[in-house]
Amino acid sequence: MARRLARALATALLVVGLDQLTKAMAVHYLAGREPLAVIPGFCNLVLVYNRGAAFGTFARWPHAHWLLIGLSLLALAVMAWVLLGPPGRHRPVQLCLGLICGGALGNLVDRLRLERVIDFIDLHAGSLHWPAFNLADSAITLGGLYLALLLLRGKV
């Protein structure tokens, strides 16, 4: 049981560290500047502060900050419960939960420290535009998609 916790925790801490590093770099290099085209017509770096959840959900609600902190803590508790249960014995599940927990913790650090989340990756193609996101969001998404794939294939 200690090994599965250590594996998931190592992944989560790596994600949190990289997430906070990239957010600090985004604030340092992008504050007060126009979007920086990384791949013209597809990917820009831009500094955005998000008070809400994904896609700015709840951003205008006055108690969103506390709601999102509570939901993050609840999600972390559920993931710990899954990790300690039978599904947590599988290394791929440990990786998935480490990615998801690391992403949740990375954004939680922002919410606790700044009362908002720093986003900086801006994807678009023609008139299609995806809301800005960060490394933590990417880790949550990749961990969730991989976990769903494992479940659909009956590997868990």
(request) In debye, nearest 20, what is the charge dipole magnitude of the chain about its Cα centre with +1 on Lys and Arg Cβ and -1 on Asp and Glu Cβ, if you could check? (result) 640 debye
(message) How would Y146, Y29 line up from fewest to most surrounding beta-carbon atoms within 10 angstrom?
(response) Y29, Y146
(request) Can you put I121, I39 in order of Cβ neighbours within 10 angstrom, beginning with the fewest? (result) I39, I121
(message) Counting only helical runs of four or more DSSP H residues, what would the 222 nm mean residue ellipticity of the chain come to if each run contributes -39,500 (n - 2.57) and the total is spread over all its residues?
(response) -20500 deg cm²/dmol
(message) Could you list M25, M79 so that the one with the fewest beta carbons within 10 Å of its beta carbon is first and the one with the most is last?
(response) M25, M79
(request) Just name one of W130, F58, V82: the one whose Cα is farthest towards the positive end of the charge dipole of the chain (beta-carbon charges, Lys/Arg +1, Asp/Glu -1). (result) V82
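We did not get these values from a lab; they are worked out from the coordinates using the rules stated. Treat the numbers as computed from the prediction; the structure is a model and nothing was measured. Virtual Cβ from ideal backbone geometry, glycine too; neighbours counted across all protein chains shown.
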